[in-house]
Every structure is written in structure tokens, then in C-alpha cells.
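Colleague: One structure, pasted below without further comment.
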Amino acid sequence: MTAADIETALVGRPDLEHPPRGATSGRRRAGATALHLALVIAGVAMVFPFAWMLITSFKTLPQLLQDPLSFWPAPWTVDNYVEAWNAVPFGQAYVNSIYIAVLAVVGTLLTASMAGYAFARIRFRGSRVIFIVFLATQMIPKQVTLIPFYLLMSQFGWVDSHLSLIVPAMLVNPFAVFLMRQFVLSLPKELEEAALVDGAGRWRTFWSIILPNLKPGLGALSIIVALDVWNSFLFPLVLLNSPDLFTVPLLLSSFRGQFGSINYGLVMAASALATIPMLIAFVIGQRRILNSMAASGLGGR
């Protein structure tokens with residue numbers, strides 16, 4: 001039998017060209033089921049520690065001592081939250097973290113949007129090299145720069161001051177600049193060309209044309225920066241000494257050192273007080289973050 005005869009025989013067998021539809025759809029359903037099962041297991045593994053923290057925060061000290069592995073509180077109590085709030089100055093720590101986060105977010109949005117616009121639209125000698133070097137600094141671990149950063153803040157006189165946390169967060173954020181640059185690149189150049197034809201300069205074009213079209217990206221970036229600043233622990237630990245300047249994570253660490261070996265319910269309540277605000281912010285803004293990442297070309301690429 002020649003090769004032509006074999007090819008003719010195979011062409012005449014449609015069952016050899018394509019597998020049955022039922023078999024294909026069955027494999028797809030099995031794959032989708034396995035994927036969803038794996039995602040459910042991973043989701044439960046991620047949520048369980050947070051759920052355990054919340055449930056434990058409502059347990060009494062006798063229950064924690066007698067049956068530490070019991071799941072449900074018996075009885076439920078909010079005394080841990082009241083005692084944790086009154087044991088340390090949580091109110092002052094909240095004020096510190098909130099105003100540091102707000103100033104850092106506002107400053108980052110302003111500087112990152114301007115820098116992103118400059119790197120995306122303004123061509124100058126060495127712009128690409130400067131952008132690559134600036135972006136490469138993100139790969140340097142923060143721990144490596146801790147000592148030089150402390151010495152620099154000491155020379156500025158900003159040790160034991162919130163300025164050491166606010167000003168660097170405003171001025172140095174490679175990810176924020178990169179994200180804003182991607183957003184600017186996604187905007188049509190015709191908008192700027194029309195503004196230039198009407199006599200607008202770079203500054204007017206940025207404020208009147210570019211910045212209003214960056215609102216989705218600015219919204220997502222504000223949530224990301226707020227979460228990062230709120231959860232920052234290492235640099236506040238090194239730079240802040242006065243208890244009245246402590247942020248929430250720093251105060252939580254101090255609280256754990258005082259009560260961690262005595263009452264886990266208090267520690268869990270304090271952890272919930274530190275975690276819930278940013279969790280609510282993330283839940284509210286997660287869709288905006290995902291949509292902004294997709295619009296900027298970062299999602300799935």
C-alpha cells in the first residue's frame with residue numbers, strides 16, 4: 001500500500017480526524033472541576049488563618065486555657081477588643097497610620113503621574129536608560145538599603161520623625177511610576193496633539209488632558225500605596241523611638257510582646273483591629289485594581 005492510499009484511507013475516516021464531541025467536553029468539564037477544586041482548597045487555606053483570628057478574638061481567657069483548640073467561642077465576648085483598645089494607645093496609632101498613609105498616597109499619586117508622563121511622552125537623552133535604572137532599583141531588597149537609609153535620615157534630622165516615612169514614600173516608588181507610565185502609553189496621542197494645536201503646553205496638557213484620563217489608574221494605585229504604607233513595619237521599627245509616634249503595626253508588635261504569652265484572645269483582638277481597616281479598603285477597591293491592571297496592559301501579560 002502506497003503513502004497516497006494510506007492518506008486516502010485516513011481522510012475517509014472522520015472519527016480519526018477529530019475525537020468525539022462528548023469525550024472532548026467531558027475532559028474539559030473534568031479539567032474545570034479539578035481547577036475549581038484546587039482554587040477552593042487554596043482559598044480555604046488562605047482564609048482559615050484570618051477566620052481563626054477573628055473567632056479566637058471573641059473567646060474568653062478560661063476557654064483558651066482549658067480548650068485552646070476549640071473552634072467556636074463559648075460564650076462570645078467583646079471584652080478582648082475593649083481591653084486591647086484601652087491597654088495601649090491604639091487611637092493615637094490609628095491617627096499616625098492614617099495621616100502618614102494619606103500624605104504618602106497624595107504625594108505618590110502626584111509624583112508618579114508626572115514621572116510616568118515624562119517617561120512615556122517626553123523624549124530626552126538617556127530617558128530610556130534612566131527609566132530602566134530607576135525600575136531596576138525595585139529589585140533591590142529593602143533590607144539592603146536599611147543602614148544607608150537610616151544614616152541619610154539621620155543627616156536630615158528625621159530620625160524619630162514621621163518625615164522619614166512620608167517623604168521617601170512620596171518621592172521613591174518605582175512600581176508607581178511604571179504603572180502610571182503604562183497608563184499614559186495606553187492613551188491615544190491624538191489627545192495631546194489636539195491640545196498642542198490649541199496652544200497648550202506640556203504642563204497644561206498634563207493637568208487638563210492626561211491627569212483626568214488617569215483616574216482609574218490613580219484609584220488603583222492609591223489603594224496599593226495605602227496598603228503598603230499601612231503594613232510597613234521594618235522602617236518604622238528602625239526609625240521611630242517614641243511610643244506616641246508608633247504606627248499600628250509597630251504598636252501591635254509592642255502589644256504582642258506585653259500580652260502574647262498571657263492572653264492570645266487579646267492579641268487576636270488587637271490583630272483584628274490592625275487588619276480589618278485595610279481589609280475593608282482592599283475588598284472595596286479590588287475590582288478597581290484588577291480593572292486598572294488590565295487596562296494598563298499588566299493583567300495576564
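The values are calculated or read from the model by the stated rules, or taken from the named source; none is laboratory data. None of these values were measured; they are calculated from a predicted model. Quick reminder, even Gly has a Cβ in these numbers, built from the backbone with ideal geometry, and neighbours come from all protein chains shown. Quick note on the areas: whole protein, heavy atoms, side chains included, nothing else; ligands and nucleic acids left out. Shrake-Rupley method; radii C 1.70, N 1.55, O 1.52, S 1.80 Å.
Colleague: Report the FRET efficiency, 1/(1 + (r/R0)^6), for Val40 and Trp72, where r is their Cβ-Cβ distance and R0 is 22 Å, rounded to 0.05.
Modeller: Values: r = 23 Å, r/R0 = 1.02.
Here the calculated transfer efficiency is 0.45.
Colleague: So what is the relative contact order of the chain, in percent, for Cα pairs below 8 Å that sit 6 or more residues apart? All intermediate terms of the calculation are to be shown ahead of the outcome.
Modeller: Numbers: 272 pairs, mean separation 82.1, N = 301.
Rounded, it is 27 percent for the chain.
Colleague: Please build a GNM for the chain, connecting alpha carbons under 10 Å apart, and tell me which residue among Val238, Val40, Val133 fluctuates the most.
Modeller: Result: Val40 has the largest fluctuation of those listed.
Colleague: Taking all protein chains as present, what is the carbon and sulfur share of the accessible area of the chain, in % to the nearest whole number, probe 1.4 Å?
Modeller: 68 percent
Colleague: Using θ = phi - 60° and the Karplus form 6.51 cos²θ - 1.76 cosθ + 1.60, what ³J(HN,Hα) does each residue of segment 96-102 get, whole Hz, x for Gly and Pro?
Modeller: For segment 96-102, the Karplus curve yields 4, 5, 5, 6, 5, 5, 5 Hz.
Colleague: Name the residue, out of Arg27, Arg123, Arg181, whose mean-square fluctuation peaks in a Gaussian network model built on the chain with Cα pairs under 10 Å.
Modeller: Arg27
Colleague: Right, next: Simple spin-label model, 7 Å along Cα-to-Cβ: Arg202 to Asp79 in nm?
Modeller: 6.6 nm
Colleague: For Ile98 and Ile147, FRET efficiency with R0 = 35 Å and r from the beta-carbon atoms, rounded to 0.05?
Modeller: 0.75
Colleague: Treating cross-link reach as a plain straight distance, find the lysines whose alpha-carbon is under 18 Å from the alpha-carbon of Lys189, omitting any fewer than eight places away in the same chain.
Modeller: Lys215
Colleague: Ok, one more. Once you place label points 7 Å from the Cα toward the Cβ at Ser154 and Trp52, how far apart are they in nm?
Modeller: 4.1 nm
Colleague: GNM, the chain, Cα, under 10 Å: largest mean-square fluctuation among Ala200, Ala274, Ala84?
Modeller: Comparing Ala200, Ala274, Ala84 in a Gaussian network model of the chain, the most mobile one is Ala200.
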